[in-house]
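Below you'll find the structure, written out as structure tokens, and then a few comments.
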Amino acid sequence: MFTSNYKYNFIDVFSGAGGLSEGFFNCGYNPIAHVEMNGFASDTLRTRSCYYYLKKTGNLNYYYNYLRGSISKEQLYEKVPKEVLMTVINEEISDKTYKSIFYKIDDIMKKDNIKEVDVLIGGPPCQAYSLVGRASTQGGMENDPRNDLYIQYARFLNKYKPKLFVFENVPGMLTAKDGVIWKRIKQRLRTVGYNIEHRLVNAHDFGVLQHRKRVIIIGWRKDLDLHYPEFARMHVNAIVNDLLNDLCHLAPGEEHNEYITEPNEYLIESGIRDELDILTDHQTRNIRDVDRDIYRIAIEMWNDNHRRLHYTDLPENLQFHNNRVSFLDRFKVVEGDMESAHTMLAHISKDGHYYIHPDIEQARSLSVREAARIQSFPDNYYFEGPRTAKFVQIGNAVPPLMAKGIATAIKNLLDGLEK
């Protein structure tokens, strides 16, 4: 359905809210299908597919009317062919379902006359590999079934035999189960016909204003003369406050979708904001008065030579947790005056204590839109579902700017095959 004017195509598995896919879309790839088990994330992918279809056909006014609340989601979906929405497959990838998922993808390829898949992208849910998850879960997630989702990924490789694949995950994947899982992953991916290499990369090197380390595994079919690509490093002259200062000030629990200044150079050059954008999701959670008092203390300390608040630094009347030995950094201010914020995690869906806005006058946690901006999502990217679901989608996502850098490097490799 998107195939015209697109040179290469891809399948996105374990898609989440589509951060990785967004980077490939921006580089001119055609998405054959997205496979995602979460219902809210799948709706987000459908809505984003509507955006790209309507943009291609010159009908973006329907999309912006949806963001304004002038039309419903159902009315938006009526403005695009049903085939566009059917590219999003809302199913869990498992031993029981993978064959039916293949059938649906085969049907899409047949209808769109797609003969081959150029790239498979995706990263299985990473909680089972993350150091935080292993530390906070009894048994270190040793028996978590997500440890073995790479087997499902390999099935897609074996079925569609793309020229290349991109497998993204957390650094902890390399050390999970004392390295046994990583050894199994390498063996499985090579067994289905691929040479593979991996690199540890930081999202900040792609122009994202966030310190976010990830493992990027890239594989290429053994019959192709390819190699691990070099990613172009980007240095931008911007600080985290450049993501925050044009947005309306909020008190805890408020939502005001208004810009208060024109976009700065970073917002424009990164594609995060443009003149047509309709601001959405600038909403923040409510908090207790005592937590707001703690936030102010944390912000004052950060503004005093970048000192971090430890829980035991608080006055006794503000210490409510019995645990005063571990997780002492549970209150953390976002680094507004620095070039990168600390890593955005899905934990922001549970509370905002680790993502305190640096403005002491507001003394609140980040809004949904501010979190999305730190992840480099453009303001025209709409997340479906309640606020908690939006935060989960954002925290789990690959930053689109980082994904664009990866997609560009992959495109250069594919272009080289045609010379």
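Things worth noting here:
- Qualifying residue in the stretch 381-390 (condition: small (Gly, Ala, Ser) and more than 17 Å from residue 43 (Cα to Cα)): no
- Residue 393 falls short on exactly one of the conditions (1) within 22 Å of residue 258 (Cα to Cα); (2) polar (S, T, N, Q); (3) within 14 Å of the chain's Cα centre (by Cα), and that condition is (1).
- The residues of the stretch 305-342 that are crowded, with 17+ Cβ neighbours inside 10 Å, of a type outside the set (D, E, K, R) and under 25 Å from residue 204 (Cβ atoms), listed by number, are 309, 331, 333, 334, 336, 340, 341, 342.
- Helices (runs of 4 or more DSSP H) fully within the stretch 53-147 counting 3 or more residues that are among the hydrophobic types (A, V, I, L, M, F, W, C), modelled with pLDDT of 95 or more and surrounded by 13 or more Cβ atoms within 10 Å (Cβ to Cβ): 82-86, 98-111
- Residue 312 vs. criteria over 26 Å from residue 65 (Cα atoms), assigned to a loop (DSSP other than H, G, I, E, B) and touching a Lys or Arg at 6+ places or on another chain (Cβ under 7 Å): no
- Answer residue from the stretch 267-295, given it is outside any helix (DSSP H, G or I) and aliphatic (A, V, I, L, M) and is surrounded by the most Cβ atoms within 10 Å (Cβ to Cβ) among those: 272
- Scanning the stretch 218-251 for residues that are farther than 30 Å from residue 360 by Cβ and in a loop (DSSP other than H, G, I, E, B) returns 222, 223, 224, 225, 226, 227, 228, 229, 230, 231, 232, 233.
- Every residue from the stretch 201-215 that is in a strand (DSSP E or B) and either surrounded by fewer than 22 Cβ atoms within 10 Å (Cβ to Cβ) or free of Cβ contacts under 8 Å to residues at least 60 places away in the same chain (or both): 201, 202, 213, 214, 215
- Residues of the stretch 155-190 satisfying the condition of being in a strand (DSSP E or B) and touching a helix residue (DSSP H, G or I) at 6+ places or on another chain (Cβ under 8 Å): 164, 165, 166, 167, 168
- Restricting attention to the stretch 406-419, the residues that are surrounded by fewer than 22 Cβ atoms within 10 Å (Cβ to Cβ) and either within 19 Å of the chain's Cα centre (by Cα) or hydrophobic (A, V, I, L, M, F, W, C) (or both) total 5.
- Test result for residue 56, more than 17 Å from residue 153 (Cα to Cα), in contact (Cβ under 8 Å) with a residue 24 or more places away in the chain, among the charged types (D, E, K, R) and touching a Phe, Trp or Tyr at 6+ places or on another chain (Cβ under 6 Å): no
- Count of residues meeting criterion [among the aliphatic types (A, V, I, L, M), buried (at least 18 other Cβ atoms within 10 Å of the Cβ) and over 25 Å from residue 346 (Cα atoms)] in the stretch 179-191: 1
- Residue within the stretch 163-172 that is touching an Asp or Glu at 6+ places or on another chain (Cβ under 6 Å) and either modelled with pLDDT of 90 or more or among the β-branched types (Val, Ile, Thr) (or both) present: yes
- Selected residue [of a type in the set (Val, Ile, Thr) and touching a Lys or Arg at 6+ places or on another chain (Cβ under 8 Å)] from 356, 299, 348: 356
- Residues of the stretch 379-394 classified as of a type outside the set (A, V, I, L, M) and crowded, with 20+ Cβ neighbours inside 10 Å, total: 8
- For the stretch 4-16, filtered to residues that are closer than 21 Å to residue 413 by Cβ and hydroxyl-bearing (Ser, Thr, Tyr), the residue that is modelled with the lowest pLDDT is 6.
- All positions within the stretch 299-309 that are in a helix (DSSP H, G or I) and either in contact with a helix residue (DSSP H, G or I) (Cβ under 9 Å, 6 or more places away or on another chain) or polar (S, T, N, Q) (or both): 301, 303
- Residue in the stretch 351-365 that is within 14 Å of the chain's Cα centre (by Cα), closer than 21 Å to residue 247 by Cα and of a type in the set (A, V, I, L, M) present: no
The values are calculated or read from the model by the stated rules, or taken from the named source; none is laboratory data. Fair warning: this is a prediction, and the values are worked out from it, not measured in the lab. As a convention, Cβ positions derive from the backbone with ideal geometry for all residues, glycine included, and neighbour counts pool all protein chains shown.
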